[in-house]
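Engineer: First the structure, which I've put down as structure tokens, then a few questions once you've had a look.
The values are calculated or read from the model by the stated rules, or taken from the named source; none is laboratory data. Here the structure is a predicted model, which means the values were calculated and not measured. Cβ sites come from the backbone with ideal geometry, for glycine too, and all protein chains shown count toward neighbours.
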Amino acid sequence: MLKNFFWMCSGADTDLLQKCSKSEQVKYAGIGATVFFTAVMAFIASSYALFTVFDSTYIAIAFGLVWGLLIFNLDRFIVSTIKKQGKPWLEISQAIPRLILAVIIAIVIAKPLELKIFEKEINQVLLEKKNGLTLQNKEQIALQYTPEINRVETEIQNLNDAISNKEKEVNDLYRTYITEAEGTQGTLKIGKGPVYNEKREKHDDMLQELQQLKAENKKQITTKEIGLKSLREKQNLQTANTQPIIDGFDGLMARINALNDLPWLPSFFIFLLFLAIETSPILAKLLSQKGEYDLKFDNYENEIKTWVAQQKNQREELLKTDILLNNKVYYDIGEEEKTYAYKKQKAEELMQFQSDAFYQNQKSIL
């Protein structure tokens, strides 16, 4: 049963193979097995590739099955259309378009499996790219918010500096009237004299201005800090919203590009392996000698061609004979006086009917 299935996969005539030798049967079973397992590899490869696209096992298996059947049908067609004719150059020229198609199929099959085989290395390349994209994304978002954040921070710093400067002035005035009272500076007189009172009043006025400045600046600083916090929250939110896009940067095209960043030699050898698998049925057909099956198949085709040619010639001869007989019959009929008189009578009756109809028509008009 398995042998018959592989014969079917090879595209051979199973009835003819049943009458062939064991070697012929084994050869075509091997060709059919190669076609079948190539389709299985195509199913696995396409299912994995589609899984990376749709992220759904059922969709990947469904489309993978369709793709595997398509590859199976193509391979079976390619193998079954190559016929042994005993002329190598003619067979090679016949196989060149099929070999080109086999190369294309091998590339399509090999690429998804390469993605699976080198999955860990590809993940490492994608991780590096994602990290780079994350940093680049943060820098681009920061360019949108940093100028405004720096401006607000500068304004807050200026308000704090204004308070600090005013506090320094108040402290300096405080030391001035204290040293005046101690007699260590100023008039050098100990006690709270007029100069002391003047400096104390100036300090008190400045202290009141400081308190008022603190109240005003603190209010502005609070407002600006709220705005600064809002800017930073917006920046963090935009960064968080765009990060899933970067995290999802692992689709089919991204993985193919990451595979291209890896050394090409291992991928090339895998491609050669699948190319050998895909072209092996064709090469087996080309390299094998014309065997018993090919001779019987040619004999069967020649029988059909001969029978078709005989039927065609027979129909042509029948047509020629029928034409000659019809011509002779009508010629003989035309020579008979009875036929002539009958046709003349009918023609006269027809002319009378036409004349009567014309007369009646004209009469009704008048």
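Engineer: Just checking, which of PHE51, PHE36 is modelled with pLDDT of 85 or more and either aromatic (Phe, Trp, Tyr) or under 22 Å from LYS83 (Cβ atoms) (or both)?
Structural biologist: Testing whether each residue is modelled with pLDDT of 85 or more and either aromatic (Phe, Trp, Tyr) or under 22 Å from LYS83 (Cβ atoms) (or both) leaves just PHE36.
Engineer: Mind checking which residues of region 1-56 are more than 36 Å from the chain's Cα centre (by Cα) and touching a residue at least 40 places away in the same chain (Cβ under 8 Å)?
Structural biologist: ASP13, LEU16, LEU17, LYS19, CYS20, SER21, SER23, GLU24, LYS27, TYR28
Engineer: Pick from region 282-308 the residues that are among the aliphatic types (A, V, I, L, M) and within 44 Å of the chain's Cα centre (by Cα): which of them is nearest to PRO97 (Cα to Cα)?
Structural biologist: ILE282
Engineer: Taking the condition of being hydrophobic (A, V, I, L, M, F, W, C), modelled with pLDDT of 75 or more and either surrounded by 14 or more Cβ atoms within 10 Å (Cβ to Cβ) or not in a helix (DSSP H, G or I) (or both), how many residues in region 191-228 meet it?
Structural biologist: Residues in region 191-228 being hydrophobic (A, V, I, L, M, F, W, C), modelled with pLDDT of 75 or more and either surrounded by 14 or more Cβ atoms within 10 Å (Cβ to Cβ) or not in a helix (DSSP H, G or I) (or both): 6 in total.
Engineer: Does region 282-295 contain at least one residue that is at pLDDT 75 or above and basic (Lys, Arg)?
Structural biologist: no
Engineer: Condition test on LYS285, is it part of a helix (DSSP H, G or I), assigned by TED's automatic domain parsing to the domain that holds GLN157 and either surrounded by fewer than 17 Cβ atoms within 10 Å (Cβ to Cβ) or not polar (S, T, N, Q) (or both)?
Structural biologist: Answer is no for this residue.
Engineer: Further, regarding this structure: Against the definition (assigned to a helix (DSSP H, G or I), modelled with pLDDT of 85 or more and closer than 30 Å to THR81 by Cα), how does ASN313 come out, yes or no?
Structural biologist: Here the answer is yes, as ASN313 does meet what is asked.
Engineer: Here is a list: GLY86, GLY132. Which entry is at pLDDT 80 or above and either over 17 Å from LEU272 (Cα atoms) or not polar (S, T, N, Q) (or both)?
Structural biologist: Just a single option satisfies the conditions, and that option is GLY132.
Engineer: A follow-up question, please. Residues in region 263-272: is at least one over 30 Å from LYS130 (Cα atoms), modelled with pLDDT under 85 and assigned by TED's automatic domain parsing to the domain that holds THR81?
Structural biologist: Yes, some residue in region 263-272 is over 30 Å from LYS130 (Cα atoms), modelled with pLDDT under 85 and assigned by TED's automatic domain parsing to the domain that holds THR81.
Engineer: Step by step: first the residues of region 250-262, then only those that are surrounded by 14 or more Cβ atoms within 10 Å (Cβ to Cβ) and outside any helix (DSSP H, G or I), then the one that is modelled with the highest pLDDT. Which residue is that?
Structural biologist: The extreme case among them is LEU262.
Engineer: Pick from LYS224, LYS290: which is touching a helix residue (DSSP H, G or I) at 6+ places or on another chain (Cβ under 8 Å) and touching a residue at least 60 places away in the same chain (Cβ under 8 Å)?
Structural biologist: LYS224
Engineer: Then there's this: Pick from LEU173, LEU188, LEU113: which is at pLDDT below 80 and under 30 Å from LEU70 (Cα atoms)?
Structural biologist: Of the residues listed, the single one that is at pLDDT below 80 and under 30 Å from LEU70 (Cα atoms) is LEU113.
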